[in-house]
Structures are given as C-alpha cells and as structure tokens.
Amino acid sequence: MSPKNLNLDIYLREIEIAERVQELGEEVSEKYQDVNPLLISVLSGAFIFTSDLIRNIDVPHDLLFTKIKSYEGTHPGSTIDFQLPVDGQVKGRDVLIIEDIIDTGRTADFLISHLRAKQAKSIGVISLLWKPSKYEFDYKLDFVGFSIPDIFVLGYGMDYNEYGRNLKDIYILNQHKNQ
Ligand code: IMP
Ligand code: MG
C-alpha cells in the first residue's frame, strides 16, 4: 500500500494525545497504588500508547505483551487469533489490559474471558480510543482517552494494513476518497 494513495485528515494532534496520556497515567497510578498491577499491552497497535503511558505511571508494576489479531483492512475479521499468550503469569494478579482502540470490543472481551479463566484477581481495561457506537458489550471500560465516532483512524501505533504506525498524530482514513 503506497501512502500516496491514502487521503488522511488530521484528527488528534501529538500534543493533545500527550496531555491526555499524562492524565491517564495519573488516574492509573491513583487506582493501582500498592497492588503492583500486571499491565498487559496488546500488540501491535498499543505499543506506542503503552510506552508513553508507563512513563506517566509512577507506581510499581509489571509489564507483559500479548498479541491478538482480529482485523484485516478496515473491517472486523471473523476470527480472533492468539499469537502471544500470557498464560501462567496472571493468576492472582490485578491485571490492566492496555489497548490502542476498542471498536466492537470483541478483542478485549476475548482477552478478559481468557484472563478470567487464568484466575486473574481483577481485570481492568484502558484504551486510548473507544468507539461507543460500535461497542457490543456491557463491560464498562475503566479508562478511556478519547471517545470517537465510527471512523477508521491510524497513526500513534495504529495502522491501516501495516501503514501509519509511525505517525506522531492520529489521522482519519478518508475512505470515500480512497476506495
Ligand atoms: P475490536 O475487537 O472490534 O474492539 O477491535 C480491536 C482492534 O481492531 C483494535 O485493537 C485495533 O487493532 C483494530 N482497530 C479497530 N478500529 C480501528 C481503527 O479505527 N484503526 C486501526 N485499527 C483499528
Ligand atoms: Mg489493538
């Protein structure tokens, strides 16, 4: 995919993201003081958010990465594939799942069910972005950076067919002009 073929509109600037991530770090630190939480970052999309978030968390914690693939292009894939398991490390832990973006919520729901089965003591979810109009579950997300409409975004770790993870700002992919 050549980036030249993509029509992108700026959506969230680096500075706005940084300010919100700092606030989120403070909220997480407040909630998880004294419990040494296990943060589980969902690769690949959440890797940049995770690296900024943990530098704004000032309580002791452990960090693991997992990898779940659920998307092809801009449409939800029919299968969810566990590529990097975290079994054996979650029993009895206060776990916080770190997501870049929650759309239908199926990926997060899959991970929550899995962590429950592995006997996590508690399970929380933080997501930089959330699409409430697409969300299919009752589970209330613990921390959300920005609620956004039903748009497809990329940048700040999030990709469109592997393009755009390195962009410092977050952009809307304008599908009408590209497809
Ligand atoms: P869900 O299972 O529908 O909640 O989708 C979760 C995953 O789909 C996210 O962690 C992203 O990897 C991907 N995804 C959903 N919406 C977008 C988007 O607008 N841009 C890029 N990736 C997205
Ligand atoms: Mg993701």
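Calculate, for the chain, the solvent-accessible area per residue in square angstrom, rolling a 1.4 angstrom probe over the heavy atoms of the protein chains.
Numbers: 9250 Å² over 179 residues.
Heavy-atom SASA per residue in the chain reads 52 Å².
So for the chain: antiparallel DSSP bridges make up what percent, rounded to the nearest 5?
Numbers: 13 of 35 bridges.
Bridges in the chain that DSSP calls antiparallel: roughly 35 percent.
If Lys and Arg each add +1 and Asp and Glu each add -1, what is the summed charge of the other residues whose beta carbon sits under 10 Å from the beta carbon of Thr50? Net charge in that neighbourhood comes out at -2. About its Cα centre, the chain has a charge dipole of approximately 460 debye under the convention of +1 per Lys or Arg Cβ and -1 per Asp or Glu Cβ, with nothing else charged.
Which entries of Lys118/Lys140; Lys67/Lys140; Lys31/Lys168; Lys91/Lys131; Lys118/Lys168; Lys121/Lys168 have Cα-Cα distances beyond 24 Å here? Provide the component values of the computation, followed by the final result.
On the way: Lys118/Lys140 21 Å; Lys67/Lys140 22 Å; Lys31/Lys168 28 Å; Lys91/Lys131 30 Å; Lys118/Lys168 36 Å; Lys121/Lys168 35 Å.
Those over the limit are Lys31/Lys168; Lys91/Lys131; Lys118/Lys168; Lys121/Lys168.
The residues Phe143, Phe82, sorted by heavy-atom accessible surface at 1.4 Å with ligands and nucleic acids left out, run Phe82, Phe143 from largest to smallest.
Considering only Ala120, Ile101, Ser133, and ranking their Cα positions along the charge dipole of segment 98-143 that arises from unit charges at the beta-carbon of Lys, Arg, Asp and Glu, the one farthest toward the positive end is Ala120.
The values are calculated or read from the model by the stated rules, or taken from the named source; none is laboratory data. Just so we're clear, the structure is a prediction, and the values are computed from it rather than from any experiment. Using ideal geometry, Cβ is built from the backbone for each residue, glycine included, and neighbour counts are taken over all protein chains shown. The area values use the complete protein model at the heavy-atom level, side chains included, leaving out ligands, DNA and RNA. Shrake-Rupley method; radii C 1.70, N 1.55, O 1.52, S 1.80 Å.
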